[in-house]
Structure formats: C-alpha cells, structure tokens
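First the structure, in the form of structure tokens, and then the observations on it.
The values are calculated or read from the model by the stated rules, or taken from the named source; none is laboratory data. Here the structure is a predicted model, which means the values were calculated and not measured. Ideal geometry is used to build each Cβ from the backbone, glycine not excepted, and the neighbour counts take in all protein chains shown. Areas reflect the complete protein model, heavy atoms only, side chains present, ligands, DNA and RNA absent. Shrake-Rupley method; radii C 1.70, N 1.55, O 1.52, S 1.80 Å.
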Amino acid sequence: MASDDSFASVIRVNIALLRLSGVVSYENGSIRRSSSQNILGAIAYGCLFAYAGLYTYEFALRTVYLETWMESFAMILSLVGGQARFTIVLLFRSRFQRLLIICEELWAALNATEKKHVCDYVKTTRHLTYYYLFGCAFTIFFYAVASLFMGQHDDSSNATMRTLPYACPVEVHRSPYYEIMYIVQLCSMINVGLTCAGADTVGPVLVLTVCGHFKVLNTRILHLSDRDRVYSEKSCSTATHESHKITRENDIPKNRAKFNLKACVCYHQTMLELCKEVENLTNSIFLTQLVGSTYNVSLVGFKLAGDDPDKFKYTTQLLIAIIQLFLCNWAANVLLTESQDVARAIYFTPWYRFPYQLKKSLHIITMRSQKPAQLTAGSIIPLSLQTFASMVSSAASFFTMISNVN
C-alpha cells in the first residue's frame, strides 16, 4: 500500500487497475516483482486472447448479414486493439516501472504548492478513467442483462433458447451448464474491461504527469529572482541517476537568479528526457488507439443509425471509442502547450534586469522551447486536438461510405 504523500497515492486508481492486470506490484509503497504479478498478467492476457479469438472465429465463419458483420468486426477491433495495447504494456513493463520510479523521485523533490500543480493535471485523468470504467461496466452488464430477456428462436422445437451474453465456442442452453458459463463469461469480461482501462490510461497518466512538471518549471522560471525561492538540482538526479546533495543556504551564490536558472535548466533537460521515454513507450499504444477508435466510432454509429431494436446498447461502445480517441490526443495537446509555455514564462520574467550572461542563457532556453515536446502515434501521426478533430471527420466519412454500401 502506497503512503498518502507518495506519487502512487495520486494515481491510485490507475495503479489499482495495473495491479489487477499484473503490470505493476506495489509492496510497502515501492514497486517490486512478485509471483502474483505474473499470474494476474497471465489471467488478463488469457481472457483478452480468448475473446479476441472467439469473435474472430465468429466473424470468419458465422457472419452472413451486414449488420452482424458490423457488430462482430466492432468487437474484434475493440478486443484485438485492447490485446495489442496490453501486450505492449506487458512487454515494456520494466520500462514503465522505471518511469514510475522517476516520477516518484521527481514528486519527492517538489514542495506542497508544486505538488498541487501536478495533482491538478493528474486529477483530470482520474475523472476520465472513471468515465471509461463506467462505460465498460455499463456495456458489460447491458449485454449480460439483455441476454436473459432476448433468446434465440429454435425452429425445430418451436421454442426460444437461452443465449449467452458473449461469443462461446459451444452451444450451452441447459441448466446448470448455462448458469456456470454465464458467470464465467461475466467475470472474464469484467477482467477484460479492467485490463483495457488500465492499458489505455497508461499513456495519459504519464503525459499529464510530465505536463504538471512543466507547469512547475514555468512557475519556477517566473520566480527566478525571488529571495524565498532557491531551487536545488535534485530534479536532475532522476534523469542522470547521479546523487546531488541539496545546497545549503550559506553556499548559495550571491546571484540568486543565476543559481535558480541553473536548476531550472537542469529540470528542463530532465523533462525533455522524460518526454522521450514516454514517447518511446506510448507511440505504439497511441497508434492502435487512434486507428481502432476511429473505425469503431464509424461502425458503432452505423449500428445506432439502423433499425435494430436493441441498438441503444451500443451507445456506451460509442462513448468508450470517443474517450479512447480523446485521451491520446488531448493529453498530448496539453503537453504541447505546456512545453511551449516555457518560452512564454521566460518572456514574463524581469530578464531586462539580469546580467548579459544570464540574458544569453535565457535566450538559448527560449530558442529550445520553440521546438515543443510533440508526441506521436507510431512515430507517424502527431497527436493534438487538431488530430482528434481530423479523426472524427474521418470516422464520419467512413460512416457515410458504409451507409452508401448498405
């Protein structure tokens, strides 16, 4: 269990999801490897793999009508995309755990006011995670409840047969086998929903954490010459893995602005290195989210526009697809803005009062800030709210094409 003052306590919802899927294991407030971590990871991956395979089998062999094809393909996109993202997180979980440790060390170097800046950004991710979980839970239980009231008519016996909520390789109608399989499917699909929620929110949590630190950096730059603000170079130790002792008050140079600027430069370099690490970890995850969510919005929208009597059960699928699409673009757009604001913060400092050498250093930092931290999907598509709007437009075009085909 993480302490209340740790970074893990700030992202406790996401940490809980990642623990359930076997990505991280927290013991006594620190990340450790355990056998239960591998077991939980195997269960989560097994459930995702099983459902992805079942719906792919159903799509290949049992699909005849266009509407059934759409529903099966939408489920395949969701499940295979979720499996791909979870596979990436599992393969690189040591890298992710290292990033968590870095974030924890950076968090420990902040004061109470600066921690609040980071919390304000991460809190938004927590709310979006709750919406995501609500959408998953509603979809899972709606399918489960609908299967109890909507059976399949059997012409040979002229009776209505009970159906399971999700794809199953064998026909199960008789008790108690139906009830056992029903509970197994419900529990395994809940596991799938929690696993996908954990994997899909990994990127936004890391990105918005970096955004919070950029906000801290901008605040420090605006107060370079303040008497009561003297920054240590402790923030640099995370990136370079070197230990720096906090400079004592009597060792502070007379030029406070120069000393604080040196610490801010080191902090800025740490943030840029952290951005590269986050980009390397998340660009493949964001690519599958971007492509899968765009086409899912089109396919689910087609189902909602049809005459299917139970079409409203797809509303939450549409909500989940939009949240996935929004998460990867919005967080990257916030990072883009915050990294650019470094130059703006320098502009609003009383730079005209500083010595020539200090002005020159500020000019170099301003020039570096003109190239913002830009995250991409698959190192191809730059992520931003403009990309989000473009993807929604593409989804609408694809929806129009499918409607014309029908």
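Within the range 214-227, is there a residue that is more than 24 Å from residue 373 (Cβ to Cβ), open to solvent by 50 Å² or more (accessible area, probe 1.4 Å) and at pLDDT below 90?
As a first pass, look at the range 214-227 and keep what is more than 24 Å from residue 373 (Cβ to Cβ): 225-227.
Cutting the leftovers down to open to solvent by 50 Å² or more (accessible area, probe 1.4 Å) gives us 225, 227.
Next, from what is left, pick out any that are at pLDDT below 90: 225, 227.
Scanning the range 214-227 turns up at least one residue that is more than 24 Å from residue 373 (Cβ to Cβ), open to solvent by 50 Å² or more (accessible area, probe 1.4 Å) and at pLDDT below 90.
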* What is the number of the single condition among (1) open to solvent by 10 Å² or more (accessible area, probe 1.4 Å); (2) in contact with a Leu (Cβ under 9 Å, 6 or more places away or on another chain) that residue 342 does not meet? -> (1)
* **Pick from the range 33-56, criterion under 23 Å from the mean Cα position of the chain (by Cα) and not hydrophobic (A, V, I, L, M, F, W, C), ranking: most open to solvent (accessible area, probe 1.4 Å)** => 33
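Would you say residue 170 is open to solvent by 50 Å² or more (accessible area, probe 1.4 Å), outside any helix (DSSP H, G or I) and at pLDDT 80 or above? Let's see the steps before the verdict.
Values: open to solvent by 50 Å² or more (accessible area, probe 1.4 Å): yes; outside any helix (DSSP H, G or I): yes; at pLDDT 80 or above: yes.
Against the criterion (open to solvent by 50 Å² or more (accessible area, probe 1.4 Å), outside any helix (DSSP H, G or I) and at pLDDT 80 or above), residue 170 qualifies.
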* Asked: Do we have any residue at all in the range 328-338 that's part of a helix (DSSP H, G or I), modelled with pLDDT under 85 and surrounded by 18 or more Cβ atoms within 10 Å (Cβ to Cβ)?
  -> no
